[in-house]
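The values are calculated or read from the model by the stated rules, or taken from the named source; none is laboratory data. None of these values were measured; they are calculated from a predicted model. Methodologically, a virtual Cβ is constructed for each residue, glycine included, from the backbone with ideal geometry; neighbour enumeration extends over all protein chains shown.
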Amino acid sequence: ARPAAPPRPLPPRPSATLRTPVTHQHRWIEAYADTTAAAPAPAPVTAAPAAAAGTHTVVAGDTLGAISARYGVALNTVLAQNNLSYASVIYPGQQIKVSGSASGSASGSAFVAAPAAVSPAVVPAAAPATQVSFTVPAPAVAPVQAQSGVFFASSTITPVATSAPAASGVNAAILASAYAQLGAIQDCTVLGEQALKAAGISGVGDESPAGLMEFATPVSNPQPGDFIYYVDGGAGVPHNAIYIGDGKAIHSGFNGNQTVINSADIGSGPSYYRVNG
C-alpha cells in the first residue's frame, strides 16, 4: 500500500500577504511621524517702518504730550516742528519730528491739518483801584453803674466805630455821648440817661424807656441825636435808642447788654423824640 501523502498546505489568503505585523516600534515611529508633521508656516509679520533719526512713529495710545516728554522736547517745539496745534489729531504710523528745524511739515502718512493758532485778545490792564484808608479814634467809654435791664436775643452784632454826623446844640451833645458809650455793657435806659446828663439836662434819675421820652417832644423829621422809643423793642418790652442818621441808631441791651450800632427799624418800629434844650 502506498503511504498517505502529507496534506498540502493551504495557500495564504490574499489579504494576509498585505498585512505586516505591527510592533511597538512601528507604532512609535508612526506616532513620532505625526508629531513631526510640518506645521503650517505662520503668517509673515510686517514690521513697523523704522523711524528715521529725530522722528517718532506714532502707535496706538500715543499723545503729543507723551511723545514730547519721552524725547525731552518741549511740547510747543514738537508742535512747531510738525505744523501741529493743541487741537491736532495724530494717527498710528504717522511720523512725528522730535528734533531739528521747526520749519517743514511732518513726514509719513497724512495728518489732519491743525487750524491756525489764534492769538488771545489783548486786554488792557485795569487801572489800580485807589485804596482809601482812615483811622477812627476809639471812643472813650464812660463808666456806668451796673443795672438790671432788658436783654435782646438776636444774631451777633459787631459794633461799628464811626464818626458822628453833624449835629448842633443838645443833639450834638447827645450824639457824642452815644458814640462814647459804644461797647459798654449796659441796658438801654442807661444809654439815654448818660446822654441826657452829657447834654446838661437836669432831673435825670433811674428812668424807664417811656420816662426818658418825658424829657423830649415827638418829631416827624428825625435828626441825628434824637431819641427813639419802641413800644416793643423785639423782646416784648419797651426799648429806647439814639438815632445817628441813615436809618441807623445806637442801642444798648443787645446780645448780653452790649452797646452797638444797628438798624433803627426794629421791633414795633421807631417813634422819634427830640430832647428839649
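Some observations on this one:
- Among the residues of the stretch 248-259, the one identified as surrounded by fewer than 20 Cβ atoms within 10 Å (Cβ to Cβ) and modelled with pLDDT of 95 or more is Lys248.
For every residue, the table says whether it meets (1) touching a His at 6+ places or on another chain (Cβ under 9 Å); (2) buried (at least 23 other Cβ atoms within 10 Å of the Cβ); (3) over 16 Å from Gly169 (Cβ atoms); (4) of a type outside the set (Lys, Arg).
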{"residue": "Ala180", "(1), (2), (3), (4)": "no, no, yes, yes"}
{"residue": "Ile185", "(1), (2), (3), (4)": "no, no, yes, yes"}
{"residue": "Gly192", "(1), (2), (3), (4)": "no, yes, yes, yes"}
{"residue": "Gly205", "(1), (2), (3), (4)": "no, no, yes, yes"}
{"residue": "Met213", "(1), (2), (3), (4)": "no, no, yes, yes"}
{"residue": "Ala216", "(1), (2), (3), (4)": "no, no, no, yes"}
{"residue": "Ser220", "(1), (2), (3), (4)": "no, no, yes, yes"}
{"residue": "Gln223", "(1), (2), (3), (4)": "no, no, no, yes"}
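- Test result for Gly253, part of a strand (DSSP E or B), over 19 Å from Ala176 (Cβ atoms) and not acidic (Asp, Glu): yes
- Counting the residues of the stretch 234-254 that are of a type outside the set (A, V, I, L, M) and farther than 20 Å from Gln194 by Cα gives 4.
- The stretch 68-101 - residue that is part of a loop (DSSP other than H, G, I, E, B) and among the aromatic types (Phe, Trp, Tyr) and, of those, nearest to Thr57 (Cα to Cα): Tyr91
- Residue within the stretch 191-205 that is at pLDDT 95 or above and under 47 Å from the mean Cα position of the chain (by Cα) present: yes
- Among the residues of this structure, Ala173 does not count as one that is modelled with pLDDT of 95 or more and either within 23 Å of Gly256 (Cα to Cα) or not in a loop (DSSP other than H, G, I, E, B) (or both).
- If only residues of the stretch 256-276 that are part of a loop (DSSP other than H, G, I, E, B) and small (Gly, Ala, Ser) are counted, the one that is farthest from Gly233 (Cα to Cα) is Gly256.
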